[in-house]
Structures are given as C-alpha cells and as structure tokens.
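Heads up: the structure comes next, in structure tokens.
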Amino acid sequence: MANKVVDLRSDTLTKPSDEMRKFMVSAEVGDDVYGEDPTVNSLEERVADLFGHEAALFCPTGSLANQLAIRMLVAPGEELLTETNSHIVRAELGAGAVFSGITTRTWLAERGLLKAEDVLNIARPDSGPYLVSTTAIAIENTHNFGGGTVQPIEEIKKLRQETQKLGISMHLDGARIWNAHVATGVSLKDYGKHFDTLSVCLSKGLGAPIGSLMISSKERISKARQWRKRYGGGMRQVGLIAAAGHYALENNIKYLKNDHLRAKSIAEQVSKIAPAVITPELVDTNIVGLDLSSLNITAPELAAQLKEKGVLTGPLGPNYLRLVTHLDLDDSDINLVNQVLPEILKSALVRK
Ligand SMILES: *Cc1c(COP(=O)(O)O)cnc(C)c1O
C-alpha cells in the first residue's frame, strides 16, 4: 500500500485541528445534567437560534438526536413515514421500534429526492381503531444514501402545507443540513421553519469530534432532556466537546463549498471515462455515489484496488461505491484520486 492515505470513506473521519483542540481545552465547563455547563448552554441557544426555534439539546450522536425527536412526535403504536433509504430506517438499527414502539412505513424515491405527492399518497392520519395512524414524517436533507442530494425547498413547503391540514408533524434529519444550506443559499431559518423537530450533526463536514443537537420547542426539548437521561445520555462537563461545536460553527461552514467542488471534480473525471457510472451535474454536495452496475468490476473489488493506491472508499452495496469529501482533504489528495480512479475504471470498461 502507498504511504499517503486519502480517506474518502466518510466525512465523520475528520480529526479536530490544532486550533479546535486549543479552543476545546480552554472551555468553561460545569455539570450539564444540572444544566450548569455554560458552553453547552450557549451552544444549545446558538443552534436553536440559527434554525429559528426556541430550544435545542446537545446529544452525543445524530442517531440519539433523531430518536429523541421522533419519540416526541410519535406515540407507541403510531406511525412515522420516511424514505426507504433514509438513515432513520436503515442505519439506526431499529431504534424507533426498540426504544419507542414506533412503526414505520416508507416511500421509495429516486436519489432520495422528496416529492410531496409520494408522501401524501401513503399518509394515513386518524385511521381509527383498526388501522395505524400516521403522526409524523421524517425528511433527510441532504440525503446520504441518495448521494448527498439536496431536497427541493418547494416540495418541503408543499408537504408542510398539506400535512399541517392533516395534523401530521414533520422532522428533519439534518445531519448534513449545512451542506444543503451552502449548496443552495437557502437559510438555515428557512429550512428550520418547516419542521417541528430537527437533528443536526457537528461531527460530519464541520469537523467536530463529537456532537449533534435536537432542535424544537421549549416544551419538547425539556421532555427530550428527560428521555436523554433515561437512555443514559446525560453528560457532565461536556463543554469541552460543545466548544468544538462552537468552533466548527464559527469557522468551518465556509469550507463546505470546497468539499462540494472537490466531489464534483471527482465525478467529472469519472464520467469522462465511464459516463454511465455518475452524472456530475447530479452531484449536489460532498458525496459521490458511483453506480458500477454497467462495469466489469464490483464495488468491493474497486475499493480494494483503490486501497492499494492509497485511496479508501466505502463499498455500500455490490455495485455502489461511496466517496465522501471533507475538511481534512487538500488539492493534492483530490489530484491523486483523479489520477488513480479513472485509470482503474478504464480497465473495467468491458461491459458485463
Ligand atoms: C451520520 C448521520 C446521522 C447520525 O449519525 P450518528 O453516527 O449517530 O451521529 C443521521 N442521519 C444521517 C443522514 C447521517 O448521515
């Protein structure tokens, strides 16, 4: 294996920079279970305010922030609707069912992209004594397994208008909402106002080592705070970590546009060799999802060959390889990828 390693498996792999670490060690702290950690309190206020909501709750993971949010919206035996490939149903190990007794139904969308109609077609509020009632919908923006796609704000608005009439709540899984904001220029408040609850991650493209927040009304956040403690997620002098979140929000949102440009450049180089594998115009943010089904190579095989050349990638299915750009990459890393990836693909061009 080559000496230099370019790690494109995920944007969670970023390590806190020296400046971020310095900022963390000087944080003022207190016991957050007592509500006395000033750095956590100010981070919660800051993030709630960014999205135009009353309150927020600091959580160790995005999964916990999602789960606390949907628990606040859906009672046991009631139903959450979400897209078939969303994180909430594919990557949280059934937490909604295990912890909250929530049932789910899903709609399938190309590249995960929201069409309000798809959701309204399966929504069944107030279903009476025999059928399960839909009480909430979760939307993922950007959509991870959809290939980092940005949800159209017009469809979000339309869904919000219609579901308000039906009394159905909306949750945003905004692990990468920062990327959607940077890619579209839609403000965080404009995203925030269409949802009853949100979850956002500081540990992905923003480069913090840990940290996510659930965002909602004061009432829901104070209930969620009890549930967080019940789940074992009450943390103590955690201002050390919240400080990394402050640092990330202050300094790192502006760098996401580089991640997007770099993802686009990888997609462009690949499509020159193998146009069926990726359409560069459809790469909205920092995720490049390669569809290898037309090529004579599987995703695990391609990942293994790239690894030999010092490039780590994520085979997420037999024919799907995910490459994610992030804060810890530079131009020379992307140059290496753009050199070795098209070369390997050339030799796999023989159609199956
Ligand atoms: C990463 C991610 C989460 C949260 O993941 P954790 O590992 O639990 O922090 C939630 N939703 C999406 C779409 C994600 O990509």
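Every read-out reported here was derived from the displayed coordinates using simple, explicitly stated rules and does not represent laboratory data. Computed from a prediction, not measured in an experiment: that's the story for all the values here. Glycine gets a Cβ as well: all are built from the backbone with ideal geometry, and neighbour counts include every protein chain shown.
Residues in the range 249-275 that are farther than 30 Å from Met24 by Cβ and either without any contact (Cβ under 8 Å) to a residue 12 or more places away in the chain or surrounded by 14 or more Cβ atoms within 10 Å (Cβ to Cβ) (or both): Lys264, Ser265, Ile266, Ala267, Glu268, Gln269, Val270, Ser271, Ile273, Ala274, Pro275. From the list Glu140, Glu155, which residue is surrounded by 15 or more Cβ atoms within 10 Å (Cβ to Cβ), closer than 26 Å to Ala242 by Cα and among the acidic types (Asp, Glu)? Matching residue, one of Glu140, Glu155: Glu140. Just so you know, in the range 215-243 the residues that are of a type in the set (Ser, Thr, Tyr) and outside any helix (DSSP H, G or I) include one that is surrounded by the most Cβ atoms within 10 Å (Cβ to Cβ), and it is Ser216.
Any residue at all in the range 17-37 that's away from the ligand (no atom under 16 Å from the Cβ), part of a helix (DSSP H, G or I) and among the β-branched types (Val, Ile, Thr)? Scanning the range 17-37 turns up at least one residue that is away from the ligand (no atom under 16 Å from the Cβ), part of a helix (DSSP H, G or I) and among the β-branched types (Val, Ile, Thr). Is it the case that some residue within the range 300-312 is crowded, with 17+ Cβ neighbours inside 10 Å and of a type in the set (Lys, Arg)? Yes, because at least one residue in the range 300-312 is crowded, with 17+ Cβ neighbours inside 10 Å and of a type in the set (Lys, Arg).
Selection within the range 198-244: residues that are more than 19 Å from Gly96 (Cβ to Cβ) and touching a Lys or Arg at 6+ places or on another chain (Cβ under 7 Å). The member of this set that is farthest from the ligand (Cβ to nearest atom) is Gly234. Across the range 38-77, the number of residues qualifying as of a type in the set (S, T, N, Q), within 15 Å of the ligand (Cβ to nearest atom) and surrounded by fewer than 22 Cβ atoms within 10 Å (Cβ to Cβ) comes to 2.
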